[in-house]
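Read-outs throughout are calculated quantities, based only on the coordinates presented, and are distinct from any laboratory measurement. Keep in mind that this is a model prediction, so the values were computed, not measured. So basically every Cβ, Gly included, is an ideal-geometry build from the backbone, and we count neighbours across all protein chains shown.
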Amino acid sequence: MDTKLDTETIYTDEKNDSIEQTYNEPEKKSPLKSFLFDLLFYAILIFASLYIVPNFVLQRTIVDGESMENTLSDGDHLFVEKISYRIDMLNRYDIIVFYPYGRDNEEYYVKRIIGLPGETLQIINSKIYIDGEVLEENYGKDPILDPGRAAEPIVLEDDEYFVMGDNRNISKDSRYSVVGNVKRKNIGGKAFFRISPLKEFGTID
């Protein structure tokens with residue numbers, strides 16, 4: 001018996017729906033708005049460069065005199081950062097710029113920190129004592145001939161530093177009452193980089 005197999009063909013209609021997408025073009029700035037935006041941007045940039053950076057971040061300073069030889073020489077150009085002293089991050093042996101006669105006077109000195117706030121300092125037989133212990137350091141160009149006021153113990157207040165020049169026998173520094181202990185408020189910053197002369201270009205120690 002023959003069996004006939006009927007094949008049913010099913011047609012499926014697919015309906016393709018088109019999806020419309022709407023693109024919004026970005027709004028174009030008017031020439032006036034663009035000009036005002038640029039003007040404001042450059043005004044802020046100039047203000048930061050001329051006021052904020054030199055007053056609160058970074059400044060160039062020139063060494064005057066020979067009191068820091070052999071580390072620094074007369075006429076050296078230095079970069080001074082103004083952040084460390086604001087956040088109480090100054091350390092022994094840092095080289096600082098400060099105003100010995102107050103910030104109202106433009107004269108500044110460049111010296112090295114020897115005594116830190118709260119310490120007792122004294123100089124005996126050319127040796128520096130901190131809290132009764134000899135300070136082992138090799139920054140001094142020559143042995144100290146004149147201890148000045150440090151012949152007797154000097155107790156530093158919580159906001160005071162004792163500074164000395166590396167060329168100690170010609171340096172006018174904290175050993176003498178005309179300079180005395182340096183108040184934190186009179187510190188201008190920490191010298192960290194020499195930019196001139198070019199043969200000495202680089203960080204300073």
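Exposure proxy ranking for F193, F98, F201, based on other Cβ atoms within 10 angstrom of each Cβ and starting from the fewest, stands as F201, F193, F98.
For G189, nonlocal amide neighbours, meaning residues 5 or more places apart or on other chains whose placed amide H falls under 5 Å from its own, are V97. When peptides 173-181, 79-87, 100-108 are ranked by their average number of other Cβ atoms within 10 Å per residue, the highest-first order is 173-181, 79-87, 100-108.
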